[in-house]
Amino acid sequence: MKSVDEALDWAPRLSPIARRMARRCWPGPVAIIVADDHPESLVHRLPKDAREAIVGGGRIRLRVPGHPMLSDCMRMLSGPVALAEPQGDAGECAATASDCVRLTGPGVALVIDDGKTRYAQPPTAVEVDPVGFRVVRRGVVPEETIRRLSSLLVLFVCTGNTCRSPMAETVFRSMVAERLGCRPEEIESRGVVVASAGISAWSGSRASAGASPRCGRSASPSPATRASRSPRDSYARPT
């Protein structure tokens, strides 16, 4: 597919987890697998043969490739492209054109050789449901990275990142932990990432002296807290 927006044509009920994952991982080597339980999906408007080729086991696999040639082709096409990823019996992936020919056999009519693939690994395949995900095939992007990219990210931004934003981060982290019934340092494992930064921060500066007392003893910024500058895309990109 061309974009996350087009993915919604084929899986209109993508969960918030899947949407965050798609926004942050695409274009790139991550395939998102979801149940084909979307009555409004364009899948159901395809001819039967095409539908059976795309939907397997009641699931549909979505991906936005990062290769420039594929991206250019996709821009000129009105719909998605069904891509097959040849693999050997032991899960071997094709990293070169010769690998593709060897793994697929004589049925391939045309091979376009652009050299060895960038990562020489298969894309990570992730099955997503309304409440979570599981990695069904390990690949380029490790599971821990997938977990972080699929998390709800809350970023508090002020000017210097020495008082207002770290205070907000600390208080909000405690509130989330209380709601989830865990310790503040455990919320990332529950799918919530809370951070703070400053648009004009002097990286490495300590939290201001008045920040801790105002937060209260149970929710004070750590003495080791250091200011960090917020990259523009950290707060300009929706989460």
Report summary line: For region 54-81, pairs from a residue that is of a type in the set (S, T, Y) to a residue that is outside any helix (DSSP H, G or I), with Cβ under 9 Å and 6 or more apart or across chains, are S71/K2; S71/P27; S71/V64; S71/P65
**Report entry** Breaking point among (1) more than 20 Å from P130 (Cβ to Cβ); (2) touching a Gly at 6+ places or on another chain (Cβ under 7 Å), for G56
**Finding:** (2)
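Per-residue answers, yes or no, for (1) under 23 Å from A31 (Cβ atoms); (2) β-branched (V, I, T):
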residue	(1), (2)
C100	yes, no
D114	yes, no
R134	yes, no
V140	yes, yes
T159	no, yes
V176	no, yes
R179	no, no
S200	no, no
Query raised in the report: Can E144 be described as within 26 Å of A7 (Cβ to Cβ) and of a type in the set (D, E, K, R)?
Result: yes
Report task. Out of E6, E52, E40, report the one residue that is in a loop (DSSP other than H, G, I, E, B) and either within 21 Å of H67 (Cα to Cα) or not hydrophobic (A, V, I, L, M, F, W, C) (or both). Result -> E40
Query raised in the report: Is it true that some residue in region 4-17 is out of contact with any helix residue (DSSP H, G or I) (no Cβ under 6 Å at 6 or more places or on another chain), over 20 Å from L149 (Cα atoms) and of a type in the set (V, I, T)?
Result: no
Requested in this report: Considering every residue within region 79-94, establish whether at least one is in a helix (DSSP H, G or I) and crowded, with 16+ Cβ neighbours inside 10 Å.
Outcome: no
Query raised in the report: Out of (1) surrounded by 14 or more Cβ atoms within 10 Å (Cβ to Cβ); (2) touching a strand residue (DSSP E or B) at 6+ places or on another chain (Cβ under 6 Å); (3) in contact (Cβ under 8 Å) with a residue 40 or more places away in the chain, what's the single condition that is false for Q121?
Result: (2)
Query raised in the report: Given (1) in contact with a Phe, Trp or Tyr (Cβ under 8 Å, 6 or more places away or on another chain); (2) not in a helix (DSSP H, G or I), where does M21 come up short, assuming only one miss?
Result: (2)
Report task. Go through region 96-110 and count every residue that is under 30 Å from the mean Cα position of the chain (by Cα) and either of a type in the set (A, V, I, L, M, F, W, C) or loosely packed, with under 12 Cβ neighbours inside 10 Å (or both). Result -> 3
Query raised in the report: On the given criteria, is P39 out of contact with any strand residue (DSSP E or B) (no Cβ under 6 Å at 6 or more places or on another chain), under 28 Å from S151 (Cα atoms), without any contact (Cβ under 8 Å) to a residue 60 or more places away in the chain and exposed (fewer than 11 other Cβ atoms within 10 Å of the Cβ)?
Result: yes
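Only the coordinates and a few stated rules stand behind these numbers; no lab work does. Source: prediction; values computed, not measured. Don't worry about glycine lacking a Cβ; one is built from the backbone with ideal geometry, like all the others, and counts go over all protein chains shown.
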